[in-house]
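The values are calculated or read from the model by the stated rules, or taken from the named source; none is laboratory data. Remember, it's a predicted structure, so these values are computed and weren't measured experimentally. Positions of Cβ are generated from backbone atoms using ideal geometry, with glycine treated the same way; all protein chains shown enter the neighbour counts. We work out accessible area using only protein heavy atoms, side chains counted, and drop any ligands, DNA or RNA first. Shrake-Rupley method; radii C 1.70, N 1.55, O 1.52, S 1.80 Å.
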Amino acid sequence: MPEISPILPSPEERFYRNKLEFTFSNRRWLSPEEMESDEIISNKNGLGFHIPGMFDKVIDIEDCHLQASPSNEVRLAVRSFALKNNWPFFDLKAQEGFLRTLIIRTSSTGESMVIVVFYHDDKNKRELLFEHLIKKFPDVTSWMYVINEKANDTITDLKVHLFSGRDHIFEEMEGLKFKIGPKSFYQTNSLQAYNLYKVVRGFAGLTGNETVYDLYTGTGTIANFIAHKARKVIGIEYIPEAIQNAEENSELNGISNTRFLAGDMKDLLTHDLFEKEGFPDVLITDPPRAGMHEDVVRTILNAAPEKVVYVSCNSATQARDINLLDARYKVSALQPVDMFPHTHHVENVALLERK
Ligand SMILES: C[S@@+](CC[C@H](N)C(=O)[O-])C[C@H]1O[C@@H](n2cnc3c(N)ncnc32)[C@H](O)[C@@H]1O
């Protein structure tokens with residue numbers, strides 16, 4: 001086993017996130033001081049984060065140190081406009097109210113996207129809110145909204161409407177542009193994502209002749225990032241919209257040696273696919289927290305690429321999978337990367353070389 005390199009620190013310890021979702025609640029979490037005081041608390045509305053383990057309690061936030069400007073300013077403006085107009089913040093238990101969540105995305109190019117999620121549609125109120133915000137923040141790139149009448153907060157299965165501006169923003173890396181829509185996945189710490197991808201590229205050690213597979217490619221960021229160093233890159237991912245973004249990102253950057261496939265990894269990654277698209281010389285894998293399905297590990301073992309670069313956000317499942325790959329691979333380098341300062345999470349990159 002190689003020595004584990006020191007954790008690569010994040011360039012920013014604060015304001016490092018490019019995406020945050022704040023929740024409106026009419027029953028905000030009260031501090032111990034507020035609970036003990038004799039004063040009657042009339043305003044229990046809050047806009048902020050859930051208290052861990054308490055789905056219906058939200059901590060109201062005055063100053064958030066996680067996301068750069070205009071995140072704080074926009075959140076406070078939305079909150080004060082809603083309070084001034086007496087619009088009901090969502091009641092998570094009774095499932096009623098008007099304002100549900102506020103999603104803000106920012107990018108290192110200075111662009112930003114604001115998505116307001118309403119429980120029901122009210123054209124008049126919606127226009128009042130957006131017109132107020134647009135006047136106050138003319139530099140925001142994209143103003144969007146969602147009507148969510150479901151019990152849960154996810155918007156992945158809902159239509160996102162454009163109120164004004166563009167329906168996407170751009171992230172940039174080494175001159176490559178990545179298009180980010182309201183539902184697109186993008187690593188949340190943009191600057192550190194760049195460092196992570198450089199580690200991956202370094203471990204892959206490409207010369208320009210390799211067939212590379214990028215498993216769990218998301219919107220194809222790694223695939224596009226390394227494409228100019230490979231003969232061909234095949235990215236696989238099960239969310240079809242993400243694959244569409246990946247293809248758009250190749251096109252946007254004039255990259256023609258990538259190919260993206262949508263489907264479940266264990267069904268798509270087969271011997272037949274390798275016969276068709278080429279056997280991998282290098283395989284990059286970046287699975288979700290659950291790690292790789294056993295069938296996927298078996299397919300990798302059979303195809304036996306020279307190198308496997310394994311990126312993981314869950315060291316426990318990574319260790320489990322590496323143990324299975326041990327039959328043919330030795331671990332030759334390990335580089336943890338701090339993507340989420342002030343949390344216990346760490347991304348770990350392992351280079352496995354064929355024995
Ligand atoms: C950690 S993310 C990968 C991020 C990507 N490499 C990047 O840097 O932007 C894991 C991805 O795996 C996808 N995924 C999860 N389970 C999958 C499966 N069974 N088959 C294919 N893709 C899957 C998720 O949709 C997600 O996009």
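Within the range 33-61, the residues that satisfy the criterion of being in a helix (DSSP H, G or I) and open to solvent by 70 Å² or more (accessible area, probe 1.4 Å) are Glu33, Met35, Glu36.
If a residue has to be assigned to a helix (DSSP H, G or I) and either within 7 Å of the ligand (Cβ to nearest atom) or touching a His at 6+ places or on another chain (Cβ under 6 Å) (or both) to count, how many in the range 194-220 make the cut? Explain how you work it out, then say what you get.
Of the residues in the range 194-220, the ones assigned to a helix (DSSP H, G or I) are 194-204.
If we keep only those that are either within 7 Å of the ligand (Cβ to nearest atom) or touching a His at 6+ places or on another chain (Cβ under 6 Å) (or both) as well, we get none.
Counting residues in the range 194-220 that are assigned to a helix (DSSP H, G or I) and either within 7 Å of the ligand (Cβ to nearest atom) or touching a His at 6+ places or on another chain (Cβ under 6 Å) (or both) gives 0.
From the residues in the range 237-260 that are hydroxyl-bearing (Ser, Thr, Tyr) and surrounded by fewer than 18 Cβ atoms within 10 Å (Cβ to Cβ), which one is farthest from the ligand (Cβ to nearest atom)? Among them, the one singled out is Ser256.
Of the residues making up the range 14-32, those that are more than 18 Å from the chain's Cα centre (by Cα), in a loop (DSSP other than H, G, I, E, B) and not hydrophobic (A, V, I, L, M, F, W, C) are Asn26, Arg27, Ser31.
Among Asp267, Asp286, which is the only one that is within 14 Å of the ligand (Cβ to nearest atom), at pLDDT 95 or above, out of contact with any strand residue (DSSP E or B) (no Cβ under 8 Å at 6 or more places or on another chain) and assigned by TED's automatic domain parsing to the domain that holds Tyr329?
On the way: Asp286 fails: out of contact with any strand residue (DSSP E or B) (no Cβ under 8 Å at 6 or more places or on another chain).
None of the other options fit; the residue is Asp267.
Looking across the range 16-57, the residues that are modelled with pLDDT under 95 and of a type in the set (A, V, I, L, M) come down to Leu30, Met35, Ile40, Ile41, Ile51, Met54. Checked against the criteria, Val140 does not count as within 30 Å of Met173 (Cα to Cα) and assigned to a strand (DSSP E or B). Of all residues in the range 221-236, those being in contact with a Gly (Cβ under 9 Å, 6 or more places away or on another chain) and either without any contact (Cβ under 8 Å) to a residue 12 or more places away in the chain or within 8 Å of the ligand (Cβ to nearest atom) (or both) number 2. Looking across the range 240-271, the residues that are closer than 25 Å to Asn195 by Cα and part of a loop (DSSP other than H, G, I, E, B) come down to Asn253, Gly254, Ile255, Ser256, Asn257. Remark: pairs (first residue in the range 98-116, in the same structural domain as Leu66 (by TED's automatic domain parsing); second residue basic (Lys, Arg) and open to solvent by 10 Å² or more (accessible area, probe 1.4 Å); Cβ separation under 6 Å; 6+ apart in sequence or on different chains) = Arg105/Lys19.
Just to be sure before I move on: is Thr188 open to solvent by less than 80 Å² (accessible area, probe 1.4 Å), in a loop (DSSP other than H, G, I, E, B), farther than 23 Å from Arg231 by Cα and of a type in the set (S, T, N, Q) in the structure I sent? Lay out the reasoning, then the answer.
Details: open to solvent by less than 80 Å² (accessible area, probe 1.4 Å): yes; in a loop (DSSP other than H, G, I, E, B): yes; farther than 23 Å from Arg231 by Cα: yes; of a type in the set (S, T, N, Q): yes.
Yes: the conditions hold for Thr188.
Of all residues in the range 297-317, none satisfies the criterion of being within 8 Å of the ligand (Cβ to nearest atom) and over 22 Å from the mean Cα position of the chain (by Cα).
Considering only the range 79-128, state which residues are of a type in the set (A, V, I, L, M, F, W, C), in contact with a strand residue (DSSP E or B) (Cβ under 9 Å, 6 or more places away or on another chain) and part of a helix (DSSP H, G or I). Step through it out loud before you land on a result.
Taking the range 79-128 first, the residues of a type in the set (A, V, I, L, M, F, W, C) are 81-83, 87, 89-90, 92, 94, 98-99, 102-104, 113-118, 128.
Applying the additional criterion that residues be in contact with a strand residue (DSSP E or B) (Cβ under 9 Å, 6 or more places away or on another chain) yields 82-83, 87, 89-90, 92, 98-99, 102-104, 113-118.
Across the range 79-128, the qualifying residues are Ala82, Leu83.
Checking each residue in the range 318-340 for being in a helix (DSSP H, G or I) and either away from the ligand (no atom under 14 Å from the Cβ) or in contact (Cβ under 8 Å) with a residue 40 or more places away in the chain (or both) picks out Ala319, Arg320, Ile322, Asn323, Leu324, Leu325. Checking the stated criteria, Gly263 turns out to be out of contact with any Ser or Thr (no Cβ under 6 Å at 6 or more places or on another chain) and open to solvent by less than 60 Å² (accessible area, probe 1.4 Å).
Residues of the range 144-161 that are more than 19 Å from the chain's Cα centre (by Cα), in a loop (DSSP other than H, G, I, E, B) and surrounded by 15 or more Cβ atoms within 10 Å (Cβ to Cβ): Asn148 alone. Scanning the range 62-78 for any residue that is without any contact (Cβ under 8 Å) to a residue 40 or more places away in the chain, outside the structural domain of Val331 (by TED's automatic domain parsing) and part of a helix (DSSP H, G or I) turns up at least one such residue.
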